[in-house]
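Note sheet for the following structure.
The values are calculated or read from the model by the stated rules, or taken from the named source; none is laboratory data. All figures in this text were calculated on a predicted structure; none of them were measured in a lab. Don't worry about glycine lacking a Cβ; one is built from the backbone with ideal geometry, like all the others, and counts go over all protein chains shown. Heads up: the accessible areas ignore ligands, DNA and RNA and are worked out on the full protein's heavy atoms, side chains in. Shrake-Rupley method; radii C 1.70, N 1.55, O 1.52, S 1.80 Å.
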Amino acid sequence: MVQLIVGNKGKGKTKQLLDKVNNEIKEISGNIVYLDKSTKHMYELNNKVRLIDVSQYMIENDSEFIGFVCGVISQDHDLQQMYFDSFLKIACLDGQDITAAVEKLEALSKKFGVDFILSISMDESELPAGMKEKILISL
């Protein structure tokens, strides 16, 4: 399953994402990975959550990002959830249509049983039509 936390920049999406991941780590039996554009939130995350600073891996487009996500999934058979803060930036999708990337994540979710929660700096009204039913929180 792919879920979206949407809202314009500065609306509090990261706080919502951090609260959700820190609550979920208490409830689930598998592992959680949190992808971000820096290590800024390292001390706000539960120490059982694996934080990956995507900016260190020279990802240049959304296909490379999806490949990176596949690599993370392949290395952890207990992976249950992945959180993507600043999704548009870390997936190199600023100003582009996110539909194809989200559909690939949905396919990965079904195949490997990993849930994806994405923070997207975009107003709900700007989302492509097929994405609206995936919204978890709109700010």
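How about Lys132: which lysines have a C-alpha closer than 27 Å to its C-alpha, ignoring those fewer than 8 places off in the same chain?
Output for Lys132: Lys9, Lys11, Lys13, Lys15, Lys20, Lys37, Lys89, Lys104, Lys110, Lys111.
How big is the gap, in Å, between the Cα center of segment 35-50 and the Cα center of segment 1-33?
Cα centroid of segment 35-50 versus Cα centroid of segment 1-33: 12 Å apart.
Starting from the Kirkwood radius over alpha-carbon pairs of segment 1-72, derive D by Stokes-Einstein at 10 °C in a medium of 1.306 mPa s and give it in µm² s⁻¹.
In µm²/s, the coefficient rounds to 117.
When only DSSP loop residues count, what GluC sites (Glu not before Pro) in segment 49-137 have their Cβ near at most 13 other Cβ atoms within 10 Å?
Filter output for segment 49-137: Glu60.
For segment 17-42, list residues with backbone N below 15 Å from a point placed 7 Å from the Cα of Lys9 toward its Cβ?
Counting only backbone N, you get 37.
Name the residue, out of Lys15, Lys104, Lys40, whose mean-square fluctuation peaks in a Gaussian network model built on the chain with Cα pairs under 10 Å.
For the chain, modelled as a Gaussian network with Cα springs under 10 Å, the answer is Lys40.
Can you give me the % of accessible surface on the chain that is carbon or sulfur? Probe 1.4 Å, all protein chains present, nothing else counted.
Whole-percent figure for carbon plus sulfur exposure: 47.
Excluding residues on the same chain fewer than 8 positions from Lys134, give the aspartates and glutamates whose Cα lies under 15 Å from its Cα.
Glu103, Glu106, Asp115, Asp123, Glu124, Glu126
Determine the per residue accessible area of the chain with all protein chains present and a 1.4 angstrom probe, expressed in square angstrom.
53 Å²
Taking the C-alpha atoms of the chain, how large are the radius of gyration and the largest Cα-Cα span, Dmax, in Å?
13.7, 37
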